[in-house]
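Q: The structure's right below; bear with me while I get my questions together.
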Amino acid sequence: MEKLTGLKKIKTAVFISGIGSNLKNIIKFSKIKQSPISINLIVSNTHLAKGLKYADQFKIKKKIFNFKNHKETEKNISILLKKEKIKFICLAGYMKILSKKLIKRFDGKIINIHPSLLPKYKGLNTHSRAIKNKDKLTGCTVHYVTAKLDSGKIILQKKIKISARDNPTSLAKKVLKQEHKLYPAAIMKIFN
Ligand code: GRF
């Protein structure tokens, strides 16, 4: 990944579908002097994403795409990214699969956070799967996005203990807290 030159931050889009706690955290991180990125665009596949409120709160451009025609929508996303001169993409709870074309265009410049110790538990319901399997450890992973779901090169990972009292909700809360530390750390690792 290219090194930062001067004070110019890398124009970044965050893609969300839900609560947006990672989005909020990344926006806050982007505002510190040492951050290599600025958040210039928030993309969602649904107007129900609660995290969209952060676009208004932090005065960041937002765009909601309804995926009635998947191919057409991906094309429109691509056009928007070009128009906004976006050079880096952070997926944060985004529930759509990106097209191969978009992934190729942003090769090595799209990252995602996943609530498990990848390669374990790709996909959904990671916490209930870990508990059901009586795992002692879980965690979160920031990785590059490739055409294969949750399979790109790992950038950073954090291990978290599962206690006997944990249920999927308590575990999700515990993991999310660590996600908020891991995502900025992974971005710093990429660009420094
Ligand atoms: C996080 O657990 C993230 O790892 C997963 O989706 C969740 C998003 O949470 N991909 P939030 O919307 O950032 O609060």
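Q: Indicate, rounded to the nearest 5 percent, the antiparallel portion of the DSSP beta bridges found entirely in the chain.
A: 40 percent
Q: Report, to the nearest whole %, how much of the accessible area of region 22-71 belongs to carbon and sulfur atoms, 1.4 Å probe, protein only.
A: Exposed carbon and sulfur together represent 51 percent of the surface.
Q: Please turn the phi angles of region 169-180 into ³J(HN,Hα) values with the Karplus equation 6.51 cos²θ - 1.76 cosθ + 1.60 (θ = phi - 60°), one per residue in order, whole Hz, x for glycine and proline.
A: 5, 5, 5, 4, 5, 4, 5, 4, 4, 6, 4, 5
Q: Find out how many positive minus negative residues lie around His127, taking Lys and Arg as positive, Asp and Glu as negative, among other residues whose Cβ is under 11 Å from that of His127. Don't jump to the answer; show the numbers that get you there.
A: Details: positive: Arg129, Lys132, Lys173, Lys174; negative: Asp135, Asp166.
Net charge around His127: +2.
Q: What accessible area per residue comes out for region 138-192, rounded to a whole number of Å², with a 1.4 Å probe?
A: On a per-residue basis, 55 Å².
Q: A further question on this structure: Could you tell me which chymotrypsin sites (Phe, Trp or Tyr not before Pro) in region 120-192 are loop residues by DSSP with no more than 11 other beta carbons within 10 angstrom of their beta carbon?
A: Taking region 120-192 and a limit of 11 other Cβ atoms within 10 Å, no loop chymotrypsin sites (Phe, Trp or Tyr not before Pro) are found.
Q: A follow-up question, please. Measuring with a 1.4 Å probe in the full set of protein chains, what accessible area per residue, in whole Å², belongs to region 1-126? Don't skip to the answer; put the middle values down first.
A: Numbers: 7090 Å² over 126 residues.
Per-residue accessible area for region 1-126 comes out at 56 Å².
Q: Please compute the modelled spin-label separation between Ser128 and Ser151, points set 7 Å along Cα→Cβ, answer in nm with one decimal.
A: In this crude spin-label approximation the distance works out to 2.5 nm.
Q: Let me see the P(r) profile for the chain: every Cα-Cα distance counted, bins of 10 Å, each bin given as a percent of all pairs.
A: Answer for the chain: a P(r) of 9, 37, 37, 15, 2, 0 percent.
Q: May I ask for the Kirkwood hydrodynamic radius of region 8-66, worked out over all distinct Cα pairs and given in angstroms to one decimal?
A: 11.3 Å
Q: Place a point 7 Å from the Cα of Lys136 along the Cα-to-Cβ direction; which residues of region 145-169 have their backbone N under 11 Å from it?
A: Residues 162 qualify, since their backbone N sits under 11 Å from the label point.
Q: Whole-Hz ³J(HN,Hα) for each residue in region 161-166, computed from phi via Karplus 6.51 cos²θ - 1.76 cosθ + 1.60 with θ = phi - 60°, x for glycine and proline: what do you get?
A: 6, 9, 8, 4, 7, 5
Q: What's the local net charge at Lys53, with K and R +1, D and E -1, over the other residues with C-beta under 11 Å away? Before the final figure, lay out the partial values.
A: Details: positive: Lys24, Lys50, Lys62; negative: Asp56.
Here the count lands on +2.
Q: Which length gain, in nm to one decimal place, applies between Lys68 and Lys100 when the Cα-Cα distance is subtracted from 0.36 nm times their residue separation?
A: Extra length from Lys68 to Lys100 when fully extended: 9.7 nm.
Q: Quick one: what are the phi-derived ³J(HN,Hα) couplings along region 36-49, Karplus 6.51/-1.76/1.60 with θ = phi - 60°, whole Hz, x for glycine and proline?
A: Along region 36-49, the couplings run x, 10, 10, 9, 10, 7, 10, 10, 9, 9, 8, 6, 7, 5 Hz.
Q: With a ≥ b ≥ c taken as the square roots of the eigenvalues of the C-alpha gyration tensor of region 37-126, please select rounded if a/c is under 1.5 and otherwise prolate if a/b is larger than b/c or oblate if it is not? Show your work: numbers first, answer last.
A: Working: a/c = 1.41, a/b = 1.22, b/c = 1.16.
Because its axes are fairly even, with a/c under 1.5, region 37-126 counts as rounded.
Q: Using Cα pairs under 8 angstrom and six or more residues apart, how large is the relative contact order of the chain, in percent?
A: RCO, the chain: 21 percent.
Q: Out of the total accessible area of region 144-191 (probe 1.4 Å, heavy atoms of protein only), what percent is carbon and sulfur?
A: 58 percent
The values are calculated or read from the model by the stated rules, or taken from the named source; none is laboratory data. Because the structure is a prediction, the values reported are computed rather than measured. Glycine also receives a Cβ, built like all others from the backbone with ideal geometry; neighbour counts cover every protein chain displayed. The accessibility values were calculated without ligands, DNA or RNA, using every heavy atom of the protein model including side chains. Shrake-Rupley method; radii C 1.70, N 1.55, O 1.52, S 1.80 Å.
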